[in-house]
Amino acid sequence: MLPADVTVDLAEFRLDHLFLDDEPEICEIWQGLVTAYEVVGKRAHDARLVAAMVRHDITHLLTFNEQDFARFSEIAVIAPSAAGAFPPAGA
């Protein structure tokens, strides 16, 4: 793959996906999550993702790392192996 191919792929990706703003409120939610769940170290990145999900009313997370997000009651964690049990968005 050449750099030009990556540029084209990224442009197509951006057209096909919704990007949400990184709003200041996310930091406040993040701090609350870190405090409530006593998050330290690398897990702070997981808490940051959950904070953004909470802010933008995203309720489900599809991930191979279910155990990393299991502590957060604010979201539902879905393993890829279970994803077929959920209807497509908008259905």
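Close Cβ contacts (under 8 Å, 6 or more residues apart or on different chains) running from residues in segment 67-91 that are modelled with pLDDT under 90 to residues that are assigned to a helix (DSSP H, G or I) and surrounded by 12 or more Cβ atoms within 10 Å (Cβ to Cβ) are absent. Which pairs do you get when a residue that is touching a residue at least 12 places away in the same chain (Cβ under 8 Å), found in segment 1-28, comes within reach of a residue that is part of a loop (DSSP other than H, G, I, E, B), reach meaning Cβ atoms under 9 angstrom, with the pair 6+ apart or on two chains? Hits for this filter: L20/H56; L20/I58; E23/H56; I26/H56.
So for segment 23-46 (the condition being among the aliphatic types (A, V, I, L, M) and within 28 Å of G84 (Cβ to Cβ)), does at least one residue qualify? Steps first, answer last, please.
So the first thing to find is which residues in segment 23-46 are among the aliphatic types (A, V, I, L, M), and the list is 26, 29, 33-34, 36, 39-40, 44.
Right, trim to within 28 Å of G84 (Cβ to Cβ) and you get none.
No; the residues of segment 23-46 include none that is among the aliphatic types (A, V, I, L, M) and within 28 Å of G84 (Cβ to Cβ).
Has segment 33-53 got any residue that is part of a helix (DSSP H, G or I), at pLDDT 95 or above and either touching a His at 6+ places or on another chain (Cβ under 7 Å) or loosely packed, with under 10 Cβ neighbours inside 10 Å (or both)? No; the residues of segment 33-53 include none that is part of a helix (DSSP H, G or I), at pLDDT 95 or above and either touching a His at 6+ places or on another chain (Cβ under 7 Å) or loosely packed, with under 10 Cβ neighbours inside 10 Å (or both).
The values are calculated or read from the model by the stated rules, or taken from the named source; none is laboratory data. From a predicted model like this one, the values you see are computed outputs, not experimental measurements. Methodologically, a virtual Cβ is constructed for each residue, glycine included, from the backbone with ideal geometry; neighbour enumeration extends over all protein chains shown.
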